[in-house]
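Everything on this sheet refers to the single structure shown next.
Read the figures in this text as sums done on the coordinates, not as results from a lab. All figures in this text were calculated on a predicted structure; none of them were measured in a lab. Using ideal geometry, Cβ is built from the backbone for each residue, glycine included, and neighbour counts are taken over all protein chains shown.
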Amino acid sequence: MAKVVLPNEVARELAGGLKEVEVEAENYRQLLKALDSRFPGMGDRLRDGVAVAIDGEIFQEPFLELIREDSEVFFLPQIEAG
Amino acid sequence: MAKRHVTTTVNGEPREFLCEVDQTLLDALRDELGLTGSKEGCGSGDCGACSVMLDGRLVCACLALAVEAEGREVETIEGMAEGERLHPLQRTFLEEAALQCGICTPGFLVAAKALLDRDLDPSETEIRYWLAGNLCRCTGYDKIVRAVQKAAAEMRAEA
Amino acid sequence: MSDSASRFKWVGTRPVRPDGLDKVTGRANFGADFTMPGMLVGRIVRSPHAHARIAGIDASAALAVPGVKAVVTAEDFPEIPDGELMVGEGPMNFRDLSCNVMARDKALYDGHAVAAVAATSRAAAEEAVDRIRVDYEVLPHVVDVLEAMEPDAPLLHETMFTEGVEPKPERPSNVASRCEFTLGDLDSGFAAADVVVEGEYVTEAVHQGYIEPHAAVASVGEDGQCTVWCSSQGQFMVRAYCAKLLGMENSQIRVTPSEIGGGFGGKTTIYVEPVALALSRKAGRPVKIVMDRDEVFRATGPTSSAHVKVRVGATRDGKITAGDAELRFQAGAFSGSHVQLGCMCGFAPYDIDNVRTVGYDVVVNRPKCAAYRAPGAPMAAFGVESALDDLAEKLGMDPLELRLANAAREGTKAAYGPKFREIGYAETVEAALSHEHYRAKLGPNQGRGVASGFWFNIGGQTSAALHINEDGTAVVVDPNPDIGGSRASMAIMAAEVLGIDYDRVRPIVPDTSSVPYSDMTGGSRVTFSVGMAVVEAGQKVIEELRNRAAKIWDVDPDGVVWENGEARPASSNVGEFEPLSLTALAESSAKTGGPISGQATINARGVGPGFGTHVCDVEVDPETGGVTVLRYTAVQDVGRAIHPSYVEGQLQGGAVQGIGWALNEEYVYSEAGTLENPGFLDYRVPVASDLPMIDTVLVEVPNPRHPYGVRGVGEVPIVPPLAAVANAIYHACGTRMNHLPASPPRLLAALDAAKLPEAAD
């Protein structure tokens, strides 16, 4: 099971304050789907405008990324250009 | 108001143009003569991006009126190289990576040349104070000062 | 660096940049240098009030001025519903963008555009600007971030309800959002601390200060097809944003990037471009708008002013157990300060188990802030790195040793959550510690300060193409405006991968119709991402070159290898063939299948974060409060330097911008909320005589996920200087400057205040 850390605001609004959840997924798309079925509305909320760190690497667009059995997934604000 | 007719010398060539009485030399160079190498960064003489020589004196072209060029000699960045041969400063600016975006570069080159024309052996402090009227936001000035020092050294060796 | 020298032919060398000659001869064309036949001059009418309702605009007198061809107001732009839309690289609130480009209903800051005119001459345009009558109903204003957060503060947007708080507020306010990042348990972290330091740190708004004002020429044809020539950090951004603001499709607009005279984040958005388009559409002629410097200061950029509270706890032996910060950033007139990024960056260099950072994004009556080099990070780092200096003093520890003892390393959980992969922060501290500068003697009234900084670096959508000319030379099509020498880096990487001479590669930055989409130049992504795309395009070219050689030799392509710019048989089993050079293969391309070219379109992955550590010596004049920077050394993990001179230049330029932020630069507002210093005379950026040489140390911990180890370097160098300078001032005179800039009046007042208790004795 991959460990997913939700943004504080999303955890509060959609997951009853639960910040860390475990999700069975082989890729990011499955992960998003699994989150959405468990916490309705979360899929939409996390679809755009967020960056995701998977095992320490930040992706501005994680849609195609693979998730491992022991992956850590963090949601972050998108990193803007300076 | 009727335009004024100005006869002048730019980079050694006789030139004529029509301008408004309140038009700056910078606007006349850029808009009437097509010499866009001199840049406008502020329009108030604070940034030095429009540095040109007027009768051998370093001025901000944004603070001079176009009509003041009448009968005088103007030198701009476009006249700095001799044909294909770059001025040593132009070469050392390239070699020392003394430019990043390049917008301030023409002004720095004109100003630095004015310095080396009067003193081929300026100290670092003299270079820094001479160039204090030219703003560069990219480089932190380090490589610009080094490029001027290198050009001066080369020109001294040749002199 | 010896590693680079041995393995690479071009990477790590310092050739003259391809665009250099044009820039030292005055030939290079920047935003304001472009002209079109029949072109009109556009000028913008700006609000003289900090906050005012626009009751009406009467343009009749302006339109009567001979030569005036068009006037536009917000009426000429479609009204866009509130909310964020995804375009290109991220979400953008196009209603806010539209209202910033041209005020609708209310002017929200001094300098806010309310109308624009196009005329046959500048004189006519300026007369028309004077004759446009705007009926303003002046409203109370607020420019200070803390005052704007007060419940009775003048309200900018009646529809703004703070996001990120529970329960949802019932009243609107100027606080657009609250964000919070937590790691571990803050209370137990502070419980475990023997020593706690805390402070409040204030920074003023500063402008990116690029020397080239915003400029654009726009031409709209009768068929609705538009062309824009302008200076920006991304021609695709200009196209997408203009299309949204004008209700067009991307295919209607072609944007040609000019050379860009500096950006630093300030040209990652649009101002004059859609206005020039709207004027051109109305006038039926090309329109050029070039901002004056005071317009640049009043209506573009700047970065947020900020109020930051920091509390740090540590054990007696110097292990940091807890870090807590609250950041209040003013965003200008529309939400979107970079407070979230500030929250993430402040503690990032350190391995701390318990961290909490809270951020507030607050609107005020100032120009909408824009990104500025490592957006959000310098203000957060100023707080954290100043507090760490106090902590080191309390613990009796060397401030660099304190940082080294708590340095984040590979596997450390970053303060914003995820674990770091390969990073080189500790290496920068070690390099600073062992640098001769750190041991050099100081005189009276002199002090030394250190500070570190972090930036994520980014990848993103990127394209590149590599065309082989008929004679074997090459063109690199680089989709990103080149701010600081990136074309040289692209040519180096193309030459390296192809195995040909640097001088045989020419890069160009084309218009939006000539190369696939690419995200903006910014976030320290170009050398990393475009470099990656160039290498991939180069590999495609090589594969094709091997195919061509295989055809000529009549062998299997697998039997051909590409080495040192030549096709060779992989082994003697393949056959005995003379190597085929790139030139030979290019010249025979007609026989082997036509032109040779490679293109790559990628979403660049594998960014490596960047860290820097700066050492600064200053002398304080106790009589005047003047500060002289005596010596400065910037150390940074750069991954690998493709063109070391331009990497050093990024460190030097970023450090000096940070020094300006620390010592001189600030937006000064009058009681009426108007900007009092919109020019380079009164908004004082550092000049050559203010500074010493800026020494650099390039630490190279290569990013293993880039073909040449690139990390990205441009953002990090502006992060440490604010605290490095303030810490140096503290060690020079014993006065801690918690409010920057430490300009002579402010420092003198602080010195005098520190003397008062003595005088009383």
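Here are some notes:
- Computed about the Cα centre, the dipole magnitude for region B:88-158 is approximately 220 debye when only Lys and Arg (+1) and Asp and Glu (-1) carry charge, each at its Cβ.
- When both region C:527-566 and region B:1-59 are represented by their alpha-carbon centers, they are found 52 Å apart.
- Here's the list of aspartates and glutamates a cross-link from C:K69 could span, going by alpha-carbon distance under 14 Å and ignoring same-chain residues fewer than 8 apart: C:E126, C:E127.
- Under the Karplus curve 6.51 cos²θ - 1.76 cosθ + 1.60, θ = phi - 60°, whole-Hz ³J(HN,Hα) for region C:416-424, x wherever Gly or Pro sits: 9, x, x, 7, 5, 8, 5, 9, x
- If you take the alpha carbon atoms of region C:183-277 and fit the smallest convex hull around them, that volume is 171 Å³ per residue.
- Distances between placed amide hydrogens fall under 5 Å for C:V505 paired with C:A474, all partners being 5 or more residues away or on another chain.
- Region C:630-677 shape via C-alpha gyration tensor axes, a/c threshold 1.5: prolate
- Helical contribution to [θ] at 222 nm, DSSP H n ≥ 4, -39,500 (n - 2.57), averaged over chain A, rounded to 500: -8000 deg cm²/dmol
- Label point 7 Å beyond Cα of C:T159 along Cβ direction - residues of region C:87-127 with amide nitrogen under 17 Å: C:92-108
- A Cα-only calculation for the protein assembly as shown places Rg and Dmax at 28.4, 98 Å.
- CD proxy at 222 nm, helix term only [per DSSP H run n ≥ 4: -39500 (n - 2.57); per residue of chain C; nearest 500]: -8000 deg cm²/dmol
- The amide H of C:Y372, built 1.01 Å from its N in the peptide plane, has no neighbour under 5 Å, considering only residues 5 or more places off or on other chains.
- Beta bridges by DSSP in chain C, antiparallel share as percent, to the nearest 5: 75
- J(HN,Hα) series, region C:211-225, from Karplus relation 6.51 cos²θ - 1.76 cosθ + 1.60, nearest Hz, glycine and proline x: 6, 8, x, 4, 8, 8, 10, 10, 9, 10, x, 4, 8, x, 7
- Lys, Arg +1 and Asp, Glu -1 on Cβ, resulting dipole of region C:361-477 about Cα centre, debye, nearest 20: 420
- Distant alpha-carbon pairs in region A:2-77 (separation over 18 angstrom), percent: 28
- Separation of the alpha carbons by more than 31 angstrom is noted, of A:K19/C:K168; A:K33/C:K106; C:K394/C:K441; C:K106/C:K282; C:K419/C:K540; A:K19/C:K309, for A:K33/C:K106; C:K419/C:K540.
- Over chain C, the reciprocal of the mean inverse Cα-Cα separation, the Kirkwood hydrodynamic radius, stands at 27.5 Å.
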